[in-house]
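Accompanying notes for the structure given below.
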Amino acid sequence: MSVDPNAFNRRNFLALGAVAGAGVLAATSLTSVEAAEAVRGAAPTPIKPIPLPAKVYGTEAAGISRKTHDEHYKLYVGYVNKVNEIRAKLAALGVPDPTKANATFSELRELKVEYSFALGGVKNHELYFGHLGGKGGAPDGAIGEAITGTFGSYDSWKADLKATGIAARGWVWLAYDYTDGSLFNYIGDSQNTYPVWNSAPLLGLDVYEHAYFIDFGTARAKYIDAFLSVIDWEAVNRSLANAQTMMKAGK
Ligand SMILES: [Fe+2]
């Protein structure tokens, strides 16, 4: 099977576009089933895992092994399956009954909380795999200029990313803010914690132990160094261009 190396990044961008288009859905004529789907915010069709791009295995020379990626990919497929399972359960619930909703425990609460975890697991890993297997180092193009513009230099950004990666429990995202075009290295302790509205992730660093323990043991800093040496900056530049398009569309 041929694999489109840009597929991972494209679904991330399309997913953002789908969220932005929710208002359009509400303005069109919907069947009752479609309307219920729109209320829940869940797409009516199951998603499928995107094949792992072959370029990902280009990280082996830097120390991130084939075995790590193959095991890691299984976790990603697990998130895809859970997204589909939760969507099916939400569909089976029908239009939610507000009298049965409860903030301590209710089926709707549990499904929606874990839905954000599962869908976050899909999108975070599609971002991560989508920009692995490049030449790393200081970036060219617009992302290089944006990093220098916000952080002063590539080395300053790199130091901030590395420290943030050591301080995080799950993820670090370099994100672009649609409001003012600024960049920031955010911490995510889980698949679904601390996202910031009006921002798009451009780069995702997975610091869960499963991403590096096979190859680096507890030496997370060495894993982050390896990650920095294999970033595909072309993929990050495409994500930045998409984010800038979204920013212009919002003005
Ligand atoms: Fe992961």
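The values are calculated or read from the model by the stated rules, or taken from the named source; none is laboratory data. Keep in mind the model is a prediction, meaning the values are calculated, not measured. Note: ideal-geometry Cβ built from the backbone for every residue, glycine included; neighbour counts use all protein chains shown. Heads up: the accessible areas ignore ligands, DNA and RNA and are worked out on the full protein's heavy atoms, side chains in. Shrake-Rupley method; radii C 1.70, N 1.55, O 1.52, S 1.80 Å.
Of the residues that make up the range 156-177, is at least one within 15 Å of ALA138 (Cβ to Cβ), of a type in the set (Lys, Arg) and open to solvent by less than 60 Å² (accessible area, probe 1.4 Å)? There is at least one residue in the range 156-177 that is within 15 Å of ALA138 (Cβ to Cβ), of a type in the set (Lys, Arg) and open to solvent by less than 60 Å² (accessible area, probe 1.4 Å).
Restricting attention to the range 57-77, which residues are within 13 Å of the ligand (Cβ to nearest atom), among the β-branched types (Val, Ile, Thr) and over 16 Å from the mean Cα position of the chain (by Cα)? ILE64, THR68, listed by residue number.
Scanning the range 175-188 for residues that are in contact with a Phe, Trp or Tyr (Cβ under 8 Å, 6 or more places away or on another chain) and without any contact (Cβ under 8 Å) to a residue 60 or more places away in the chain gives ALA175, ASP177, SER182, LEU183, ASN185, TYR186, ILE187. What residue, among those in the range 111-145 that are of a type in the set (D, E, K, R) and open to solvent by 20 Å² or more (accessible area, probe 1.4 Å), is nearest to the ligand (Cβ to nearest atom)? My answer is LYS123. Sub-8 Å Cβ pairs linking a first residue in the range 82-105 that is farther than 21 Å from PRO49 by Cα to a second residue that is of a type in the set (A, V, I, L, M) and loosely packed, with under 15 Cβ neighbours inside 10 Å, at least 6 apart or interchain, are VAL95/VAL39; PRO96/VAL39, ordered by first then second residue.
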